[in-house]
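Participant: The following block contains the structure, expressed as structure tokens.
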2 protein chains.
Amino acid sequence: MTFPVVGMVGGGQLARMTHEAGIPLGIDFRLLSDTPRDSAALVVRDPVIGDYRDFDTLRDFALGCDVITFDHEHVPLEHLRALREEGVVIRPGPDALEHARDKGVMRARLSALGVPCPRHRIVADPADVARFAAEVAEGPNEPAAGDGDALAVPVVLKTVRGGYDGKGVWVVRTVGEAAEPFRAGVPVLAEEKVPFVRELAANVVRSPHGQAVAYPVVESIQIDGVCDTVIAPAPDLPGERALDAQALALRIAAELDVVGHLAVELFETADGRVLVNELAMRPHNSGHWSREGAVTSQFANHLRAVLDLPLGDPRPRAPWTVMANVLGGDYPDMYQGYLHCMARDPGLCVSMYGKEVKPGRKVGHVTAYGSDLAEVRERARHAADYLRGTITE
Amino acid sequence: MTFPVVGMVGGGQLARMTHEAGIPLGIDFRLLSDTPRDSAALVVRDPVIGDYRDFDTLRDFALGCDVITFDHEHVPLEHLRALREEGVVIRPGPDALEHARDKGVMRARLSALGVPCPRHRIVADPADVARFAAEVAEGPNEPAAGDGDALAVPVVLKTVRGGYDGKGVWVVRTVGEAAEPFRAGVPVLAEEKVPFVRELAANVVRSPHGQAVAYPVVESIQIDGVCDTVIAPAPDLPGERALDAQALALRIAAELDVVGHLAVELFETADGRVLVNELAMRPHNSGHWSREGAVTSQFANHLRAVLDLPLGDPRPRAPWTVMANVLGGDYPDMYQGYLHCMARDPGLCVSMYGKEVKPGRKVGHVTAYGSDLAEVRERARHAADYLRGTITE
């Protein structure tokens, strides 16, 4: 048998669910995980425990695989480029990954491609943030002295690397507040605070052959910078705007030579424009609904793409699918909540990641599907809240 | 977290797919497998490699689990009864399992319950088989001398234990042919050869609470005693007959105190009767369609049952779902066939078990679903034949 060996770097829930999707494919799935207690390490045969930032660890792991792919975008690119020289197959490749790893590189490239983005530039220090705010406000280059510390308009600051789930992102309104992001010693990107009406995500998968599939555009509801609920497809999204968003994501995937799953997080504005917020080149929280909700899940299609197999049908199986994240709350024992949730809703799909419960930490998600959106939302919402302990009945 | 530890004895594809279904549940799934190359052992963290027939091996494994369950019915019952005395939770329990392990016990119990079965009895030797054949034929107690070696009617002989996939089953027409089954030294059950028009399976899942769910009755097409194709639901099955079959399976599950998945294999006769052929108390080949075809799969519901969690919705997600087994053929490399099958049919669900290809061995299955039965059957058939190498385009 020549079933290939796929190595995934990173032991989080994305790797866990990718392994799950790999079982039917009959592939040999290997994992490089920080600790033996990581979400994916709990369910995979012989996980390799080690630090992905250590070149020798990464190399030893990669040399045993036919292809390597990623649960996150934190692997040093210089290591990946060195491994590529040795003939390791890396999907997505480091040149594509750079756009998911570094927000400055991503913004520069997308802007060069004419992709709609918030106004942005790399800023040097808090005074430069003030100048950027003034530029956005189309006012003077320096804030008027009478404003004291206030920026002309609020600005979003992001460290170009290392952020996730709202970490590494600040909304600042004063020069004083603008100091914090520079303390990490990572370049800081300033962005216009887009007055969006909601967030969308256009998820696509692309193979080395250049075949690509687009999932329905979803609505992603964030709370404090953390994804809370995803609705597939996005309700009341005009068909043409949905097609435009899918075409945009497919174009980005092709231009950046992405292989695997690409999530394009989008802002939808009141005047009907769609701007790119973030990119992720791996299975993504906005695609978890697809596990039960689509003919082929993002996890299965990510694997098919990195193996250069023909991609599977991304179409939804139900009129509406809603996923709600389960965050850690006050109850450390979420298993107990299964009794209520499963008895109340025999069609509910519960997915827990094997992670220790900590307040605010993503420890699982629930998915419901059906033909009545309000009902489907309520089912997912109720289960997520009950498991977290926010409600008790 | 108090997520439970579920131990499964046996490392075949049923355990593999049960582990897959356990990943979203967040449980700790442990495996006792004969070899590290067994289908499930390839995809599970830290499989225990050992002989389930060895009491100490089984005991060490079981004592680390909150509940143990099974991939097959070959575990010695005296060992399970001893472990039960020690407080090990065993689901299904040994008293139920005995009916899946021993066909003589099963026939006696079902007959006592008034469940329709083929005529049957334990036979002592080939001459006794001849007497049984004569009884079935309602002829003389001994075959007429002029018939020589021939039985009055063909008879099905089964060793009461250890058979699977047509092994341990013989259809005999002469006294000479009847000698073979006795050579194993296991009691032999003789059964009337039922003139059935097709085989059905009624699959149900029951929890310790007594909650139970019934999957749609399926048609199971066997070739040489091996399941080839399963169609869910069984086409052209009158609604009342389907309900009767489900009710029969639910009754058997309750009477035998089955916990977990119970497959009741049935013969449907030309005059519209339904007779029980075999029982299996574990996920079953006739339920593989449910992985993609039902709201809750047999694997997920088996786990929910052995954990005494509320059971999931067994209803089908599509009008028709067809599963076809992929048997080993002349091509050892089935992965190569993915290119054709996935490109031809993006909605196809391929499931390979990681097993070495040997002629006739079940090494995987494919599932297709949709609204046109003929088309769905053709899709599954084509993929199974292509992967096996029976067809090349």
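Participant: Just checking the output field for B:41-53: average partner chain Cβ neighbours within 10 Å of each residue's Cβ?
Facilitator: Numbers: counts 1, 7, 11, 4, 10, 5, 2, 0, 0, 0, 0, 0, 0.
For peptide B:41-53, the averaged partner shielding equals 3.
Participant: What is the dipole size for the stretch B:5-90, taken about its Cα centre, with +1 at each Lys and Arg Cβ and -1 at each Asp and Glu Cβ, in debye to the nearest 20?
Facilitator: 180
Participant: Treating only the Cβ of Lys, Arg, Asp and Glu as charged (+1, +1, -1, -1), what charge dipole size does the stretch A:262-390 show about its Cα centre? Round to the nearest 20 debye. Could you put the intermediate results ahead of the total?
Facilitator: Working: 15 positive and 15 negative charges, 50 e Å.
Value, rounded to 20: 240 debye.
Participant: With a 10 Å radius around each residue's Cβ, average the other Cβ atoms per peptide and rank B:279-286, A:258-265, A:69-76, highest first.
Facilitator: Listed from highest to lowest mean packing, they are A:258-265, B:279-286, A:69-76.
Participant: In nm, to one decimal, how far is the modelled label at A:LYS358 from the one at B:ALA343, with both set 7 Å along Cα→Cβ?
Facilitator: My value for the distance between the label points is 4.7 nm.
Participant: Ok, one more. Mind ranking B:247-254, A:165-172 by how tightly packed they are, going by the mean number of other C-beta atoms within 10 angstrom, highest first? Before the final figure, lay out the partial values.
Facilitator: Numbers: B:247-254: 20.0, A:165-172: 16.0.
Per-residue mean Cβ counts within 10 Å order the peptides as B:247-254, A:165-172.
Participant: Another question, then. Starting from a label point 7 Å past Cα on the Cβ side, list the distances from A:PRO36 to the same position in the other copies, nm, shortest first.
Facilitator: Label-point distances to the other copies, shortest first: 1.5 nm.
Participant: I would also like to ask the following. In vacuum, with every alpha carbon of the stretch A:3-153 counted as one equal point scatterer, what does the Debye formula give for log10 I(q)/I(0) at q = 0.10, 0.13, 0.21 Å⁻¹? Two decimals, please.
Facilitator: Once normalised to I(0) and log-transformed, intensities are -0.52, -0.70, -1.21.
Participant: With each run of n ≥ 4 DSSP H residues scored as -39500 (n - 2.57), what mean residue ellipticity at 222 nm is computed for the protein assembly as shown after dividing by its residue count and rounding to the nearest 500 deg cm²/dmol?
Facilitator: About -8500 deg cm²/dmol.
Participant: Taking the Cα of B:VAL226, stepping 7 Å toward and past its beta carbon, and measuring to each backbone N in the stretch B:357-380: which are under 14 Å?
Facilitator: B:357-366
Participant: Next up: Run the Debye formula on the Cα coordinates of the stretch B:148-212, all scatterers equal and no solvent, and tell me log10 I(q)/I(0) at q = 0.16, 0.24, 0.27, 0.29 1/Å.
Facilitator: -0.67, -1.04, -1.17, -1.25
Participant: Suppose the Debye formula is applied to equal point scatterers at every Cα of the protein assembly as shown; what is log10 I(q)/I(0) at q = 0.05, 0.07 Å⁻¹?
Facilitator: With one equal scatterer per Cα and no solvent, log10 I(q)/I(0) is -0.30, -0.56.
Participant: Residue by residue through the stretch B:160-168, what is 3J(HN,Hα) from phi via Karplus (6.51 cos²θ - 1.76 cosθ + 1.60, θ = phi - 60°)? Round to whole Hz and write x for glycine and proline.
Facilitator: 5, 9, x, x, 6, 6, x, 7, x
Participant: While we're looking at this one, here's another question. Roughly how many Å is it from the Cα centre of the stretch A:10-54 to that of the stretch A:188-239, as a whole number?
Facilitator: 26
Participant: Let me ask another. How many partner chain Cβ atoms sit within 10 Å of a residue's Cβ in peptide B:347-356, on average, as a whole number?
Facilitator: Average neighbour count from other chains, rounded to a whole number: 5.
Participant: Compute the convex hull volume of the Cα atoms of chain B, divide it by the residue count, and report the result per residue in Å³ as a whole number.
Facilitator: Per residue, the Cα convex hull of chain B comes to 152 Å³.
Participant: Show the residues, 5+ positions off or on another chain, whose built amide H is closer than 5 Å to the amide H of B:ASP228.
Facilitator: B:ILE221, B:GLN222, B:ILE223
Participant: Something else: Relative contact order of chain B, please, whole-number percent, based on alpha carbon pairs below 8 angstrom and at least 6 residues apart.
Facilitator: 13
Participant: Also, I was wondering about something else. Say a label goes 7 Å from Cα toward Cβ at B:THR392 in every copy; what distances in nm does this one have to the rest, shortest first?
Facilitator: Its label point is 7.0 nm from the equivalent points in the other copies.
Participant: Can you list, shortest first and in nm, the gaps between the label point of B:ASP165 and those of its counterparts in the other copies, using a point 7 Å from Cα in the C-beta direction?
Facilitator: 4.4
Participant: Which whole-Hz ³J(HN,Hα) couplings does the stretch A:38-44 yield from phi under the Karplus relation 6.51 cos²θ - 1.76 cosθ + 1.60, θ = phi - 60°, glycine and proline marked x?
Facilitator: Each residue of the stretch A:38-44 in turn: 5, 3, 6, 4, 6, 10, 10 Hz.
Participant: Give me the distance in nm between label points sitting 7 Å out from Cα along the Cα-to-Cβ direction at B:GLN211 and B:ASP51, one decimal.
Facilitator: 4.1
Participant: Compute, for the stretch B:119-192, the length of the dipole vector about the Cα centre, with Cβ point charges of +1 (Lys, Arg) and -1 (Asp, Glu) only. Units Debye, rounded to 20. Don't jump to the answer; show the numbers that get you there.
Facilitator: Details: 8 positive and 12 negative charges, 69 e Å.
Magnitude of the dipole: close to 340 debye.
Participant: Whole-Hz ³J(HN,Hα) for each residue in the stretch B:107-122, computed from phi via Karplus 6.51 cos²θ - 1.76 cosθ + 1.60 with θ = phi - 60°, x for glycine and proline: what do you get?
Facilitator: With the stated coefficients, the stretch B:107-122 comes to 4, 5, 5, 5, 5, 4, 7, x, 6, x, 9, x, 4, 7, 6, 5 Hz.
Participant: Can you list the residues, at least 5 places off or on another chain, whose amide H is less than 5 Å from the amide H of B:ARG30, using H built in the peptide plane?
Facilitator: Sorted by chain and number, the residues that satisfy this are B:VAL6, B:GLY7, B:MET8.
Participant: Give the lysines reachable from A:LYS355 as a straight Cα distance under 22 Å; neighbours fewer than 8 places away on the same chain don't count.
Facilitator: Straight-distance partners of A:LYS355: A:LYS167.
A short reminder: the numbers here are calculations on the coordinates, not readings from a lab. Predicted model, so just to flag it, every value in this text is computed and none were measured. Backbone-built Cβ (ideal geometry, glycine too); neighbour counts: all protein chains shown.
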